[in-house]
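The values are calculated or read from the model by the stated rules, or taken from the named source; none is laboratory data. Remember, predicted model here, so these are calculated numbers, not experimental data. So basically every Cβ, Gly included, is an ideal-geometry build from the backbone, and we count neighbours across all protein chains shown.
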Amino acid sequence: MEKILITGAAGFIGSNLAARLLELGHNVIGIDNLSYGFERNIANFRNNPKFQFVLGDIANPLLLKDYKADIIVHLASQKIPRYSNALKTLDENYTMLKNVVNKCIIDKCKIVYASTSDVYGKNQQLPFTEESDLVLGHPAIKRWAYALSKIYGEQYIIANHEEYRLNYTIGRLFGSYGPNQNLTWWGGPQSVFITAALKKEPVEIHGDGLQSRTFTYISDTINALMCCILNEKAQNEIFNIGSNPEEEITILELTHLIWKLINENGEPKIKFVPYSSFGKYEDVPRRVPCIDKISKYFEYKPQVKLDEGLKLTIEWQKRVLGKSYYT
């Protein structure tokens, strides 16, 4: 069994990953500063003797010195600065990664790095493969700060592999959702759409809603990550981690689907929020993965269809919010 350290362990993906690893008997060290994660996410295994929780900020260069692991899964990250500033995204994502990479080099352990589908940016050749070009917009548009930080992260890891033989696996995640997701825009559009539908309030859609995405249920994301962590064939490779490309859906269609799953009858009230309200902002019209590589390497196949995953997520979100919140 491996000893695995997870940064962002109380977050959405980190908590689900920790739970799976512990179920399989691995030892897990979970680090989180709880800025976006929640103690409720780790409550079910907080007292597991194979789990050690560290409350701390991975941007602190001294935090990792007392902990050793075979593999570090680096999930902690600032995201698209939609409502925040680009400097924080750029600074913190670099600082955290540098600290993790230095630790991996010193201890000779592997890094599994959570990158993002956002790195493909404005590339119009779909579906995106791991060999696709990474195309970003104008530097004055701050939404690209997140993608840039992840592209830099990938390059930084590969450069350290070439220089210091750092072993790595990079996963580019496409739209994960499910239990333990953050209930704000930080967690993705499905999070806020579910809450609005439960409360029968207007659903806010950024832009015209015609932008399309694929969404990956968390158990499928974790299945793929487990291959990246534990399978030798993942060594020094990059993988798209996503759902079936055929399940591409527009944000407007997603709104109607969620509303129907919750309220059955009636049409949602929709409030379109122009991108101009975020300052200079660009969105990606379509984001669809090619998952042929990860399927070939590990026989990975997404198991949970979107409507099924949304039903499970809605039931979880109901329990977290409490009935009095939305009735």
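A quick yes/no check of all residues on (1) under 24 Å from TYR152 (Cβ atoms); (2) β-branched (Val, Ile, Thr); (3) in contact with an Asp or Glu (Cβ under 6 Å, 6 or more places away or on another chain); (4) free of Cβ contacts under 8 Å to residues at least 60 places away in the same chain:
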| residue | (1), (2), (3), (4) |
| --- | --- |
| ARG46 | no, no, no, yes |
| LEU64 | yes, no, no, yes |
| ALA76 | yes, no, no, no |
| LYS88 | yes, no, no, yes |
| MET96 | yes, no, no, no |
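Considering every residue within the range 230-238, establish whether at least one is surrounded by fewer than 20 Cβ atoms within 10 Å (Cβ to Cβ), farther than 30 Å from MET1 by Cα and in contact (Cβ under 8 Å) with a residue 24 or more places away in the chain. Within the range 230-238, not a single residue is surrounded by fewer than 20 Cβ atoms within 10 Å (Cβ to Cβ), farther than 30 Å from MET1 by Cα and in contact (Cβ under 8 Å) with a residue 24 or more places away in the chain.
So, LEU257, is that one in contact (Cβ under 8 Å) with a residue 40 or more places away in the chain and closer than 30 Å to GLU2 by Cβ or not? No, not satisfied. Among the residues of the range 168-185, write down those that are out of contact with any helix residue (DSSP H, G or I) (no Cβ under 6 Å at 6 or more places or on another chain) and surrounded by 19 or more Cβ atoms within 10 Å (Cβ to Cβ). LEU173, GLY175 - these are the residues of the range 168-185 that are out of contact with any helix residue (DSSP H, G or I) (no Cβ under 6 Å at 6 or more places or on another chain) and surrounded by 19 or more Cβ atoms within 10 Å (Cβ to Cβ).
Filtered by the rule that a residue be in a strand (DSSP E or B), over 16 Å from ILE229 (Cβ atoms) and among the hydrophobic types (A, V, I, L, M, F, W, C), the range 104-129 gives a lone residue, PHE128. When you check TYR67 against the structure, is it on the phi < 0 side of the Ramachandran plot, aromatic (Phe, Trp, Tyr) and at pLDDT below 95, yes or no? So TYR67 does not fit the description; no.
Of ALA10, ALA59, all but one fail to be small (Gly, Ala, Ser), within 17 Å of the chain's Cα centre (by Cα), at pLDDT 95 or above and surrounded by 15 or more Cβ atoms within 10 Å (Cβ to Cβ); the exception is ALA10.
I'd like to check something: does the range 173-190 contain any residue that is within 16 Å of the chain's Cα centre (by Cα) and of a type in the set (A, V, I, L, M)? There is at least one residue in the range 173-190 that is within 16 Å of the chain's Cα centre (by Cα) and of a type in the set (A, V, I, L, M). When every residue of the range 241-256 is checked against the conditions, at least one turns out to be in contact with a Leu (Cβ under 9 Å, 6 or more places away or on another chain), of a type in the set (Ser, Thr, Tyr), surrounded by fewer than 20 Cβ atoms within 10 Å (Cβ to Cβ) and closer than 27 Å to THR129 by Cβ. Scanning the range 130-149 for residues that are among the aliphatic types (A, V, I, L, M) and either in a loop (DSSP other than H, G, I, E, B) or farther than 23 Å from VAL100 by Cβ (or both) returns LEU134, VAL135, LEU136, ALA140, ILE141. Filtered by the rule that a residue be in contact with a helix residue (DSSP H, G or I) (Cβ under 8 Å, 6 or more places away or on another chain) and within 12 Å of ASP32 (Cβ to Cβ), the range 50-68 gives PHE53, VAL54, GLY56, ASP57, ILE58, LEU63.
One residue stands out in the range 77-98 among those that are surrounded by fewer than 20 Cβ atoms within 10 Å (Cβ to Cβ) and of a type in the set (S, T, N, Q): the one that is farthest from PHE278 (Cα to Cα), namely THR95. The set of residues from the range 32-48 being polar (S, T, N, Q) and either closer than 30 Å to SER84 by Cα or touching a His at 6+ places or on another chain (Cβ under 8 Å) (or both) comprises ASN33, SER35, ASN41. Scanning the range 49-60 for residues that are part of a loop (DSSP other than H, G, I, E, B) and either more than 11 Å from LEU22 (Cα to Cα) or touching a strand residue (DSSP E or B) at 6+ places or on another chain (Cβ under 8 Å) (or both) turns up LYS50, GLY56, ASP57, ILE58, ALA59, ASN60. Only one of the numbered conditions (1) in contact with an Asp or Glu (Cβ under 9 Å, 6 or more places away or on another chain); (2) crowded, with 23+ Cβ neighbours inside 10 Å; (3) of a type in the set (Val, Ile, Thr) is violated by THR129, and that is (2). VAL101 - would you say it is outside any loop (DSSP other than H, G, I, E, B), of a type in the set (Val, Ile, Thr) and closer than 22 Å to ALA234 by Cα? Considered against the rule, which asks whether it is outside any loop (DSSP other than H, G, I, E, B), of a type in the set (Val, Ile, Thr) and closer than 22 Å to ALA234 by Cα, VAL101 comes out as yes. Scan the range 255-277 and tell me whether some residue there is under 25 Å from TYR146 (Cβ atoms) and among the acidic types (Asp, Glu). No; the residues of the range 255-277 include none that is under 25 Å from TYR146 (Cβ atoms) and among the acidic types (Asp, Glu).
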